[in-house]
Amino acid sequence: MKEKLEAFLLKIPENQKTMSSKYIDYFTYFLTVIEENLAVQPSDIDDCFSLTRIDKYSNIPSYLNRHSKKNSNKRPKYIKIKEGYQLERNHQLEIQKSLHDGPAKLETSYLLRSILSKLTDNNEQLFLQEAIECYEIWAKRASIVLVWILTIHHMYNYIYSNELSAFNTVLAKNTDKRIKIIAISKIDDFNEIPEGKFIDFMRSAKIISNDVKKILETKLGIRNTSSHPSRITISEVKTNDLIIDLIDNVVIKYKI
């Protein structure tokens, strides 16, 4: 958790780092929203201070208790339940806004995490886990590249398990001189085929629909842009769209 927490701290605005009490709110956000714990105890916050070597607030239990009480002048920051303390919804949204963790980003993160258990291939699980971690610290280019690798690897496995004959029939008719291989006999053979041609072959073999082909071709262009140094900015909207499109329309759709 230490590396993930350190990455999270980098997203906290500098003007929020002047008081140790502010860290209590951010640590609670990290533990309940990002780590998905139901609630926090004072000891959990204390552990976060220790892990990050930040000067601790003098009385964490008092802070949590004080800010969970209703006040006529302002709403409480926390809600106290049997399991501990939760951020009051509006205060959580304020923190979320300061971190630039908008609803679209959270939706994508939850989507990715929700399918982890659905993937049976260990390599795919590792790639998805790493893509999630990149996305959650807002390493947009890295998350795009990893989700693309996951998608292509998934289709290699899908074809090898379910559509190898149809794919090899199309591959045998190939006239592109860049491609020397004439049949797939093992998974690694797919690496001999440029990704653009791989997409063409899948469509020619009627493994994917024309709509899926268009999705893959568009996302391949974004992946290429993301994986090379350039001045082009990769937007949040484009990153969200790529991840959701590939996961929903390829990885989940084509079951191995």
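The values are calculated or read from the model by the stated rules, or taken from the named source; none is laboratory data. This one's a predicted model, so the numbers in the text were calculated from it and none came from an experiment. When we count neighbours, we look across all protein chains shown, and the Cβ atoms used for this are built from the backbone with ideal geometry, even at glycine. Note: areas computed on protein heavy atoms with side chains; ligands, DNA, RNA excluded. Shrake-Rupley method; radii C 1.70, N 1.55, O 1.52, S 1.80 Å.
A few comments on the model shown:
- In region 75-91, the qualifying residues are those that are closer than 14 Å to Q41 by Cβ and not in a strand (DSSP E or B), and the one that is most open to solvent (accessible area, probe 1.4 Å) is K82.
- Of all the numbered requirements in (1) without any contact (Cβ under 8 Å) to a residue 40 or more places away in the chain; (2) open to solvent by less than 50 Å² (accessible area, probe 1.4 Å), K180 misses one, and that requirement is (2).
- Tabulated pairs, region 92-104, first open to solvent by less than 40 Å² (accessible area, probe 1.4 Å) and assigned to a helix (DSSP H, G or I), second at pLDDT below 60 and of a type outside the set (K, R), C-beta under 8 angstrom, 6+ apart or interchain: Q96/G102
- Whichever residue in region 30-40 is assigned to a helix (DSSP H, G or I) and closer than 13 Å to M1 by Cα and, among such residues, is nearest to the chain's Cα centre (by Cα): I34
- Lone unmet requirement of (1) modelled with pLDDT of 85 or more; (2) charged (D, E, K, R); (3) open to solvent by 60 Å² or more (accessible area, probe 1.4 Å); (4) farther than 16 Å from I81 by Cα for K69: (4)
- Scanning region 196-205 for residues that are over 15 Å from A172 (Cα atoms) and surrounded by fewer than 17 Cβ atoms within 10 Å (Cβ to Cβ) returns a single hit, G196.
- Candidates in region 133-157 are the residues that are surrounded by fewer than 21 Cβ atoms within 10 Å (Cβ to Cβ) and aliphatic (A, V, I, L, M); of these, the one that is modelled with the lowest pLDDT is I137.
- Residue list for region 182-236, restricted to those being at pLDDT below 95, touching a helix residue (DSSP H, G or I) at 6+ places or on another chain (Cβ under 6 Å) and of a type in the set (S, T, Y): S226, S227
- Residues that are surrounded by 13 or more Cβ atoms within 10 Å (Cβ to Cβ), outside any loop (DSSP other than H, G, I, E, B) and over 27 Å from the mean Cα position of the chain (by Cα), drawn from region 41-66: P42, D46, I60, P61, Y63, L64, N65, R66
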